[in-house]
Every structure is written in C-alpha cells, then in structure tokens.
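Beneath this line is the structure, given in structure tokens, with notes to follow.
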There are 2 protein chains.
Amino acid sequence: MIDFNKTRILLEPNEIPKEWVNIVPDLPAPMTPLINPMDGKPAPPELAFAIFPKECVLQEVSQEPLIPIPNELREIYAGSYRPTPLHRALSLEKELGIPGDDIKIFYKNESVSPTGSHKPNTALAQAYYSKRDGVNELITETGAGQWGSALSYGCNLFDIKCTVYMVRASFLQKPGRKILMRAYDAQVHASPSNLTDSGKLYYESDPDHPGSLGIAISEAVEHSMRSDKARYSLGSVVNFVLLHQTIIGQEVKAQLNKIEVKPDVLIGCMGGGSNLGGFMIPFARDKLHGILPDLEIVGVEPRACPSVCKGDYRWDYGDSAKKAPILKMHTLGHNFIPSPIHAGGLRYHGMAPIISILSGKKIMSSVMHHQTEVISSGLMFAKTEGILPAPEAAHAIKEAIDQALAAKENKEKKNIVFNLSGHGFFDLLAYKEHMMGNLVDYEMPREEIEKALSAPDMPKIDETRF
Amino acid sequence: MIDFNKTRILLEPNEIPKEWVNIVPDLPAPMTPLINPMDGKPAPPELAFAIFPKECVLQEVSQEPLIPIPNELREIYAGSYRPTPLHRALSLEKELGIPGDDIKIFYKNESVSPTGSHKPNTALAQAYYSKRDGVNELITETGAGQWGSALSYGCNLFDIKCTVYMVRASFLQKPGRKILMRAYDAQVHASPSNLTDSGKLYYESDPDHPGSLGIAISEAVEHSMRSDKARYSLGSVVNFVLLHQTIIGQEVKAQLNKIEVKPDVLIGCMGGGSNLGGFMIPFARDKLHGILPDLEIVGVEPRACPSVCKGDYRWDYGDSAKKAPILKMHTLGHNFIPSPIHAGGLRYHGMAPIISILSGKKIMSSVMHHQTEVISSGLMFAKTEGILPAPEAAHAIKEAIDQALAAKENKEKKNIVFNLSGHGFFDLLAYKEHMMGNLVDYEMPREEIEKALSAPDMPKIDETRF
C-alpha cells in the first residue's frame, strides 16, 4: 500500500514559511554594490530609493540572515497558491527505468500559481511594499511575458497602476500574454515605443523595430523616473528578488523533512537567477554552514546564452541601453543579443551577483543544454507527469533526467530535486516546432562572446574607490 | 490572526476519496435506458459493451450507491493533482462589499489539473478501465479541446492509443489545444474528415466544412466500431461520466466539514452535465435523504444554449448524425446548432439524464446568463482571485456573484460554493473581445427552439415496449 502523502507532498496554508533567507551575510565573498551608470560610483541610497520600492532597497543591502515575511503577504500567498506541492516524479522514473527507491526524482511545482510560474512570489511582495509606502505605480519590462503577467496580477491586487514595456517581437508573437496582462488592468506597450526618449531612439527610425529586453528595461527605468510616486520593478537578478523567491526553497526544505529525504542534488534553470536562487539559497546557506556538505547545486543554462558557463565575471550594465545599475556579475556583455530560443526567460546577458559569487566559489556548478534536447525532455515530462513545462523549466528537467540516468549507470543512490518554474501553455509553438522537426539549436561561438565582452563601452569600474 | 487553513482548504493526498457516489438508485424517478438509434429499443448490453469500455457500461446501470475507486487510479489522481483545493474567495468578497462572515463564497479549484479542467477525472478512469480490459485505443470527439486534451493525457499515461476528432472550426481557431493533444501522442483529425463515412458525407462536398460536435461524435463512434479492441469515449452526459466526476463533490464535502461550514447553495455551469453533476451529486444524495433539506443546487446555462431552462424533457439523439444512443433528457433538439459563444463546453443540445431528472423533480434549479455578463464576471474574478477562468466556469461565477449580492441586499446569511471547472488560458480571445467591446450576446428565440424540437426526425420512442 503506497503512502500517497509521499508522492505529492503538501504543506497546509498555515505552514507557509515565516521568513525569507538572505544569503548575503553568509556569502563566501563580499557582496558587491550596485553602481550608478551615470558616474561609475556606488549608487547612493537616495538614488536607489528613487528607482526601487524603499523596503526592497533596504532588503537589497540587509545583513540580516532571515527577514520576516509580512503577515498580510503570507495571507495572500496562502489564500491563492502557496505552499505549492512537491511531487515525486514516479511516472518519469518509470519511463527512465529507475524503479525502486535508489534513485528518486522530485519536483517543486511552481506552475500552479495564477499566472503559471514562480514570478508572483516577488511580484506580490514588491506590490505589497509599494502600496504600503505610498507608491501608486510600478513600471517594468517583460520579454516572454511571465514577469509582466505576474507584476500585473500583483499590482492589481494591491490597487497600484502597472505599466509594462513588452519587447515588440514578443508583443506580436504572444498576444495571449498581452491579453492576460490587460485582464489584470495593466497598461502594456510594445517596446521600443514612442513614449520614452530611450524608445524613440529606435522607434522613430523604425516603428516596427523588434526591440530587446535591454531597450525595454531602459524605457521602464526612464518612465519610472517621471513621478516620485512611481517606481521601477525588477523580476530577477538583484538580491531582493532572489530573497523573495527563497520562499520556494524554504517550503522544499519543510517538504523534504516531512518525508525524511535528504537531497543529493538540486537543479534549476537560470536566466537572471531568481528561479534557481529562490529554490536553492536556503540549502546553499546550510551547505556554507557545514550542514549538507555534499549537496550538489546545479544551474542550467541554454547553450545560446551561457552567461555563467561561458561569460566573464566582471562589471557590466544590467541593460543594453546603459540606464540600469552596473553590477559585478557573470556576463556575456550588455551588447550580446542572444539567439531567439523559445526559453525567453533565459535570454539575458548577465546573472544575479549572488549566483555569480556562489558559482565562483564553487558552492554550485553550471551546465548548458541545447534547446532541442531540452524541449524533447519537456515532452517526455508532459507524457509522464502530465504537466507541459515552460521551455525554461524544461532545462532543469533535461539535467535531472541526465543525472538520474548517470546515477542508474553508476549504480548510485541519489535524491534529485528540481524546480519546475512554470507551465508551457503560452509556449506551445516550441513544442509544435519540435514535433515537426523544425526546432533549431543555437550555440554562441567563443569569438562572438569575446567580441561582445571586449566592446569599447564595457564599463570600467575602479573598485579601489569604494 | 487569520487561520490560513480556513481560506484555502486542502486535503492530503491520502485523504483522496475512496468511493464515487452513484445517485441512480436514489433518483426520485427511475433512470431511463440508453436506446439503440438503429431500432428504437433499449440497447442490449452486448451493443453497449461494443461501444464503451466494459466497466463503464456496468457502472452506467449499477444500482450500488457507492462504487469503490480502484487504488491504482487513486494513486494516479493523488500523484498528479487530487485532492484539489477549496478556496474562500476573500478578495472577490471584498470587491463585492460583503466583508465579515455573514456571506461567504467558496470555490473548488479544478483548474489545477495538468490539462486545466475537471475533465481528467473521468479521462483517467476510462483509460484505466480500458487498459485493464485489453482495449488498446480510445476514440472521442472534442469541441473546444478540454475533453480531447484530458483523454489524450489519460490514454498516454496508460499507454493506449488515443484518436480525437476535433470540430474543424476549433481545430483552426485553437491550434494550442491541438499541439497539447499531440504532445500527449494523440492523433487529432479535423472533423468532418475523409476518414469515416460520416465525415465524408460533409467533407467530400466541402473540405473546409467547419464541422459540429454532432458530426465529430458520429465520426468517433464509427471509427470505434472498426476494431474490437477500440472503444468510444464520452466526456459528459452519461451516468458513468458523472459518477467519475463525483470525486469533486466528495472532496468538497470533506473540505467543508473540515472548516465546519454548511453550504446553502451549490453552483456549477452545465453543458452536458458532468461538471455540475460531479460537484453536486454527493450533496444531492444527502438532500434526497433528508440531510441538508434546504440546500439549493443551481445549474447555470448560457442563454445561447439553454437546454434545461428552455428545452423539452423527451427522447432525443445524443448527436446530430443520429449514430449515438438516444437518451431521455432535456434537449433543444439534435438539429439545434448553438450560436458561437466562447464557452464551447456548454454548446450541447442535450443534458445528462441524471441532471434532467433532478431538475424535473425540483431537487435543483437552473438559470441562464448572457456571455457578456459572464465574461465580465470572469474578469472580476481574475482581478480579485488571480485565476483567469474558462468561459464555462465564468457562468458559475456570474451566478455566485448575483447570489452574494442578493443575499447582501436581503441581509441574509449565506454560504455559497461553486465549482471552478477550469482556467481560461486557451480562451483569451473571449476576454480580448470583451475588453475591446466586441463581445456579442446570443439568445435563441422561442420559435427557433420550437422548430428544432418539432423536426420530423426527432425520435419517437414507445416507452410501453420496455
């Protein structure tokens, strides 16, 4: 008689975590500051406060290892979708020929949120703090639309205006995402637009310009500076976003404890780093404290945009238009335009500073996969576990499958846990192309990356000045 | 301090119901037989066994009030998505100005299944029994695609071939659903096709014929008769489908018991009747037994296709092409072609015999709503509860809102519970049209219904012969 409670592990809404985990004070190297792109110096608090919601800036630089989740926010998480389930992937295990309990695959299911991914975890938090502090509008950019949908949902819930600059190519290709954002009352503009100076630079010479995440970020930042009651909202990369996402890992810890399973490897895809960061930070902290010393943590990147696997660790702009803060991070260069893979959420030139430091200090490792093998793994997951995964999440699935098969080959015991960051209902074209044999792989040649990294406008920051 | 466990009520996977509720032996009027369309006589078991999976036929005519759910099936439900959550709609209540606990709105969230609706509840059961009995292919029809997706998922899990005839208009309008079914390895054909005699009747004169659910049913039934290892699969209307769906109501009962809430009104949309039936049957049985005597049960229909509200209770074909069994039910006539409302799952001319009998005996009531007010309510739900509902489910939301506002007006205490049958990620066009002010309402004039009901080919069944 199977214990069903061990195949899908739930937590009661009352068991929702009370604290986020801030790894900054435990990092094996000091956190680097955000640099003002205007003068190359660390951004003073008053500048950061003008751009981001105040509480988020305080969280960005906090040295507290645990930060309480406000009760009003816990109430909203608990009422709508959190804690999310942790599943044992029994059907996938069967398909891979690993019966029994020697090799177990688990996945955290973030696809059950209202907008279908982990993004609302920070969207709700940012909207909550903004409302509390009298901010009446949040402005952001979105590529594939997951982040824009999540922020639209969060802002609407707290009765804040939301404006989204959506990369025009996606705006045209994914009308569904735009409708979803509109349903939450957000204003959605194709970027580049003629609404900002940053947008006009491109729009005026070509109103059909396909846009890029870099241009959209510049437009959103510029727009947010217009009113002292508006703020810019970020969906990844910076510390406070990863912090909010640690609610995922906190739950996974409680869920694994409940079934007395010790994880051997944690796997997550990484674009800006919020999905992997939120999932693994509570465990990485344990690893840094000597608990779980043998835990492997693996970030998965697309071969088309491998910022940790192939980029440099150095100072770079967060956006192409050089309006966003400069960060010390793994980067492929802010001029790097990733190939049009379907995993839009992984098409970012940089990587969260936290992830960059943990990678540099070998607390975690990173791997790359091609999109055909990724989507093929996503399809195997759909056929076995039922959920059609987002192409981003399918990167983690591919790696989990590889690790399980390697453990089988080597007759190892292994508990593999990965984060299913979202579903693929808005990404069906990727699966269609794969089934029709039309999916293309992209790999950046080393020379092109080197060219982007040696561009004359890469920032030169004098670290001795701070 | 709010008790979060009372705002989203979960059951552990181990608490998944052990039994389905069969209301047939408790009905206030005898269940009528399925009639063979070839000779107008009750279908003999051997004919039914040739069309449907054997265990389903036995369940169709069972007089057992409770039917055990096989453990292997419970394991699959439990591992993937069941029990589903019951939510208190606190944000919606706030929006409606009904703070406090006098009026409470709850919804059962069936949108969390892998294909996004309640349909897998019976798809998994039918695939399970088919596999067990040596059936190697299930054939069905689908309109909007919810049922086709669910059966594709179920068949793939049990390694059975699945063939879906999809109404061509939907096949062209909803490419996403087709890709999802293909991802589960189903064969999907636009109907009418040139693969069956029933299809060729239409296809040969017009290869672009938009099709209808009636034609697609005929094609699926015909296809299933070709092999003695193939069976036809139905997603609604008949007793055994409603039976499998009672897992929903069984869970809702346990969830309401857990928070000690007695429901005053249960609301569900009804197309063929499986969603409402599965939700309310366990409660209707209590009502018939004198428990919960004052419970109201309300089925919601679109004004464009009001089979219970405006149809006759009489014998009629289950499909337009007169190949499917004849049932005694509420019907608008098998020749009735409903207007193209977005709630494709509610565009059916007939109604489950169980629902028809319960309606006739006033155990439940029915109401109608227009699609603009329905989609408008769906939008309010998305803005407050976060989940964008399927247009079908939005019918129940509209009625729940109306009932809550009426209770507020009358200063009544009321516990309102409705079934959220699915999400609307594949129905974004409906919301777009609504937001652009382009959504159209349809109402069938009485004369047109009368014309369909007085068609010369309506079946004449001599009940004295059985």
Select from the stretch A:96-148 the residues that are aliphatic (A, V, I, L, M) and in contact with an Asp or Glu (Cβ under 8 Å, 6 or more places away or on another chain) and list them in ascending order. A:ILE103, A:ILE105, A:ALA144
On the basis of being acidic (Asp, Glu) and either in contact (Cβ under 8 Å) with a residue 24 or more places away in the chain or in contact with a strand residue (DSSP E or B) (Cβ under 9 Å, 6 or more places away or on another chain) (or both), does A:GLU75 make the cut? no
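Just one of A:GLU219, A:GLU296, A:GLU260 is charged (D, E, K, R) and crowded, with 24+ Cβ neighbours inside 10 Å; which is it?
Values: A:GLU296 fails: crowded, with 24+ Cβ neighbours inside 10 Å; A:GLU260 fails: crowded, with 24+ Cβ neighbours inside 10 Å.
That would be A:GLU219, the only listed residue that is charged (D, E, K, R) and crowded, with 24+ Cβ neighbours inside 10 Å.
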Could you tell me which numbered condition B:ILE2 fails, if it satisfies all but one of (1) open to solvent by 50 Å² or more (accessible area, probe 1.4 Å); (2) away from chain A (no Cβ under 14 Å)? (2)
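Residues of the stretch B:53-91 being among the β-branched types (Val, Ile, Thr) and at the interface with chain A (Cβ under 9 Å from one of its Cβ atoms), which ones?
Of all residues in the stretch B:53-91, those among the β-branched types (Val, Ile, Thr) come to B:57, B:61, B:67, B:69, B:76, B:84.
Within the stretch B:53-91, just B:ILE76 meets the criteria.
Only one residue in A:TYR153, A:TYR128 is within 14 Å of chain B (Cβ to nearest Cβ) and open to solvent by 10 Å² or more (accessible area, probe 1.4 Å), so which one is that? Reasoning before the result, please.
Details: A:TYR153 fails: open to solvent by 10 Å² or more (accessible area, probe 1.4 Å).
On inspection, the qualifying residue turns out to be A:TYR128.
Yes/no matrix, rows are residues, columns are (1) in contact with a Lys or Arg (Cβ under 7 Å, 6 or more places away or on another chain); (2) free of Cβ contacts under 8 Å to residues at least 60 places away in the same chain; (3) under 20 Å from B:ILE9 (Cβ atoms):
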site	(1), (2), (3)
B:MET380	no, no, no
B:PRO389	no, no, yes
B:LYS398	no, no, no
B:PHE418	no, no, yes
B:PHE426	yes, no, no
B:LEU429	no, no, no
B:LYS432	no, yes, no
B:ASN438	no, yes, no
Odd one out for B:ILE139, checked against (1) surrounded by fewer than 19 Cβ atoms within 10 Å (Cβ to Cβ); (2) more than 14 Å from every other protein chain (Cβ to nearest Cβ): (1)
Matching residues in the stretch A:384-437 - criterion: being of a type in the set (S, T, N, Q) and away from every other protein chain (no Cβ under 13 Å): A:GLN403, A:ASN410, A:ASN415, A:ASN419, A:SER421
When only residues in the stretch B:360-377 that are in contact (Cβ under 8 Å) with a residue 40 or more places away in the chain and within 14 Å of another protein chain (Cβ to nearest Cβ) count, which is surrounded by the most Cβ atoms within 10 Å (Cβ to Cβ)? B:ILE375
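Select from the stretch A:183-205 the residues that are assigned to a loop (DSSP other than H, G, I, E, B), of a type outside the set (Ser, Thr, Tyr) and either within 14 Å of chain B (Cβ to nearest Cβ) or open to solvent by less than 70 Å² (accessible area, probe 1.4 Å) (or both) and list them in ascending order.
So the first thing to find is which residues in the stretch A:183-205 are assigned to a loop (DSSP other than H, G, I, E, B), and the list is A:184-186, A:192-196, A:204-205.
After this cut, where a residue has to be of a type outside the set (Ser, Thr, Tyr) as well, the list is A:185-186, A:192, A:194-195, A:204.
Across the stretch A:183-205, the qualifying residues are A:ASP185, A:ALA186, A:PRO192.
Name every residue in the stretch B:311-324 that is of a type outside the set (Ser, Thr, Tyr) and in a strand (DSSP E or B), in order of residue number. Spell out how you get there, then give the answer.
Taking the stretch B:311-324 and keeping what is of a type outside the set (Ser, Thr, Tyr), we get B:311-312, B:314-316, B:318-319, B:321-324.
Passing the criteria: B:ASP312, B:ARG314, B:TRP315, B:ASP316.
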Those strands (runs of 3 or more DSSP E) completely within the stretch A:27-123 that have 2 or more residues that are under 30 Å from B:ASN14 (Cβ atoms) are A:86-88, A:103-109
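Give the residue that is farthest from B:THR115 (Cα to Cα), with candidates limited to residues of the stretch A:378-394 that are open to solvent by 10 Å² or more (accessible area, probe 1.4 Å) and in a helix (DSSP H, G or I). Break it down stepwise before answering.
Step one: of the stretch A:378-394, the residues open to solvent by 10 Å² or more (accessible area, probe 1.4 Å) are A:379-380, A:383-385, A:387, A:392.
Imposing the further condition that a residue be in a helix (DSSP H, G or I) reduces the set to A:379-380, A:383-385, A:392.
Values: A:LEU379: 14, A:MET380: 16, A:LYS383: 12, A:THR384: 13, A:GLU385: 11, A:GLU392: 19 Å.
Only one residue fits best here, namely A:GLU392.
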Test: residue in the stretch B:239-256 that is open to solvent by 10 Å² or more (accessible area, probe 1.4 Å), touching a residue at least 12 places away in the same chain (Cβ under 8 Å) and charged (D, E, K, R): yes
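Just to verify a result, which residue in the stretch A:222-237, among those that are of a type in the set (S, T, N, Q) and part of a loop (DSSP other than H, G, I, E, B), is surrounded by the most Cβ atoms within 10 Å (Cβ to Cβ)? Walk me through it before giving the result.
Our first condition is that a residue be of a type in the set (S, T, N, Q); within the stretch A:222-237, this holds for A:224, A:227, A:233, A:236.
Going one step further and asking which of them are part of a loop (DSSP other than H, G, I, E, B), we end up with A:227, A:233, A:236.
Working: A:SER227: 12, A:SER233: 31, A:SER236: 23.
This residue is A:SER233.
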Given (1) more than 14 Å from chain B (Cβ to nearest Cβ); (2) in contact with a Pro (Cβ under 9 Å, 6 or more places away or on another chain); (3) under 25 Å from A:PRO353 (Cα atoms), where does A:MET225 come up short, assuming only one miss? (2)
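Being under 20 Å from the mean Cα position of the chain (by Cα) and modelled with pLDDT under 95 is the requirement here; does A:ARG168 meet it? Full working, then the answer.
On the way: under 20 Å from the mean Cα position of the chain (by Cα): no; modelled with pLDDT under 95: yes.
Criteria not met by A:ARG168.
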Verdict on B:GLU450 being at negative phi and under 18 Å from the mean Cα position of the chain (by Cα): no
Failed condition for A:LYS41, given (1) open to solvent by less than 20 Å² (accessible area, probe 1.4 Å); (2) more than 19 Å from A:ILE16 (Cα to Cα): (1)
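Hey, can you tell me all the residues within the stretch B:9-52 that are more than 14 Å from chain A (Cβ to nearest Cβ) and either within 30 Å of A:HIS87 (Cα to Cα) or among the basic types (Lys, Arg) (or both)? If you could, list the steps in order and put the result at the bottom.
First, pick out the residues of the stretch B:9-52 that are more than 14 Å from chain A (Cβ to nearest Cβ): B:19-52.
Listed by number, the residues that qualify are B:GLU19, B:TRP20, B:VAL21, B:LYS41.
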Suppose the filter is small (Gly, Ala, Ser), in a loop (DSSP other than H, G, I, E, B) and farther than 16 Å from A:THR372 by Cβ; does A:ALA455 pass it? yes
Could you tell me whether A:LYS413 is touching a strand residue (DSSP E or B) at 6+ places or on another chain (Cβ under 8 Å) and more than 28 Å from A:PRO28 (Cα to Cα)? yes
Yes or no: A:VAL308 in contact with a Ser or Thr (Cβ under 9 Å, 6 or more places away or on another chain) and in a strand (DSSP E or B)? no
Of the residues in the stretch B:325-347, those that are in a loop (DSSP other than H, G, I, E, B) and under 20 Å from B:PRO33 (Cα atoms) come to B:PRO325, B:LEU332, B:GLY333, B:HIS334
Hits in the stretch B:395-420 - residues which are buried (at least 18 other Cβ atoms within 10 Å of the Cβ) and among the aliphatic types (A, V, I, L, M): B:ALA396, B:ILE397, B:ALA400, B:ILE401, B:ALA404, B:ALA407, B:ILE416, B:VAL417, B:LEU420
Looking at the stretch A:56-102, which of the residues that are open to solvent by less than 50 Å² (accessible area, probe 1.4 Å) and of a type in the set (Asp, Glu) is nearest to A:PRO30 (Cα to Cα)? A:GLU60
Specify which of the listed residues (B:LYS94, B:LYS104) is within 11 Å of chain A (Cβ to nearest Cβ) and either out of contact with any Leu (no Cβ under 8 Å at 6 or more places or on another chain) or modelled with pLDDT of 95 or more (or both). B:LYS94
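The values are calculated or read from the model by the stated rules, or taken from the named source; none is laboratory data. Since this is a predicted model, take the numbers as computed values, not measurements. Cβ coordinates were reconstructed from backbone atoms using ideal geometry, including for glycine residues, and neighbour counts include every protein chain displayed. SASA here: full protein model, heavy atoms, side chains in, ligands and nucleic acids out. Shrake-Rupley method; radii C 1.70, N 1.55, O 1.52, S 1.80 Å.
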